[in-house]
1. Which of the residues spanning region 104-117 are surrounded by 16 or more Cβ atoms within 10 Å (Cβ to Cβ), over 14 Å from I136 (Cα atoms) and either out of contact with any Ser or Thr (no Cβ under 6 Å at 6 or more places or on another chain) or among the β-branched types (V, I, T) (or both)?
2. Is one or more of the residues making up region 65-87 outside any strand (DSSP E or B), under 19 Å from the mean Cα position of the chain (by Cα), more than 21 Å from I180 (Cα to Cα) and among the hydrophobic types (A, V, I, L, M, F, W, C)?
3. Name the single residue that is farthest from K54 (Cα to Cα) among those in region 80-122 being in contact with a Gly (Cβ under 8 Å, 6 or more places away or on another chain) and among the hydrophobic types (A, V, I, L, M, F, W, C).
4. Looking only at region 118-132, how many residues end up being on the phi < 0 side of the Ramachandran plot and surrounded by 13 or more Cβ atoms within 10 Å (Cβ to Cβ)?
5. Name, by its number, the condition in (1) surrounded by fewer than 18 Cβ atoms within 10 Å (Cβ to Cβ); (2) at pLDDT 90 or above that does not hold for I136.
Amino acid sequence: MMIACKNGQQQKSAEENTVTKETNATVDKIQPEQKLVEEKLAVVDTGQTWFRVKITKNDSAYMDYEGSWPVFFLSGNSATLQLSKSKNIMGITDILTIYMNGMPTGKTPIVPSNREKGTASMIMSTITDGAYGIPILPTEGTLNVTKNVNSIVSGDFEGKAVDGNKDTYLFKGYFLNAKINPEKI
């Protein structure tokens, strides 16, 4: 009798494991859809200057910051947008810099080097032990300038980088009403 009881328990346990596995499989199938909804941000242009930088590393949160202090320089036919984690840009801070060859309108590809007109490159400088570490360089993605009126620029960007350790970084962000500062010589 004990063996029969034990076999019944083993069968019940096996059935519970099957149900648990099926339930987990269903949950796993739902998770990616929920993740996509979380990544979509409602961005409304209220006229204020604002930016947000969100980065994942191997599908896990890595960095997420926002502020109202974007720095946008235009010099000749080059533009630079800097989105720093700290308002103290002269100090050591995490900072995403986007270099543009020409002042783009619409979608522009993110490339490793923006030597060609109509391209952009990105460099994410991160802090390691109180100093700048090895930068993260997205090699693909897009920069989308949605507004360029009276030296005020808005847009969004996304990029992808794979580092030497095969870690994958995904970049996503927005900038609203960044004022272009012309370089004065």
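1. Matches in region 104-117: P104, T108.
2. Within region 65-87, not a single residue is outside any strand (DSSP E or B), under 19 Å from the mean Cα position of the chain (by Cα), more than 21 Å from I180 (Cα to Cα) and among the hydrophobic types (A, V, I, L, M, F, W, C).
3. I92
4. Result for region 118-132: 10.
5. Only one criterion is unmet by I136, namely (1).
Table: residues versus (1) assigned to a loop (DSSP other than H, G, I, E, B); (2) at pLDDT 95 or above; (3) loosely packed, with under 14 Cβ neighbours inside 10 Å; (4) at positive phi.
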| residue | (1), (2), (3), (4) |
| --- | --- |
| N144 | no, yes, no, no |
| N148 | no, no, no, no |
| G159 | no, yes, no, no |
| Y174 | no, yes, no, no |
| N181 | no, no, yes, no |
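The values are calculated or read from the model by the stated rules, or taken from the named source; none is laboratory data. Since the model is a prediction, treat every value here as computed from it, not as a measurement. Virtual Cβ from ideal backbone geometry, glycine too; neighbours counted across all protein chains shown.
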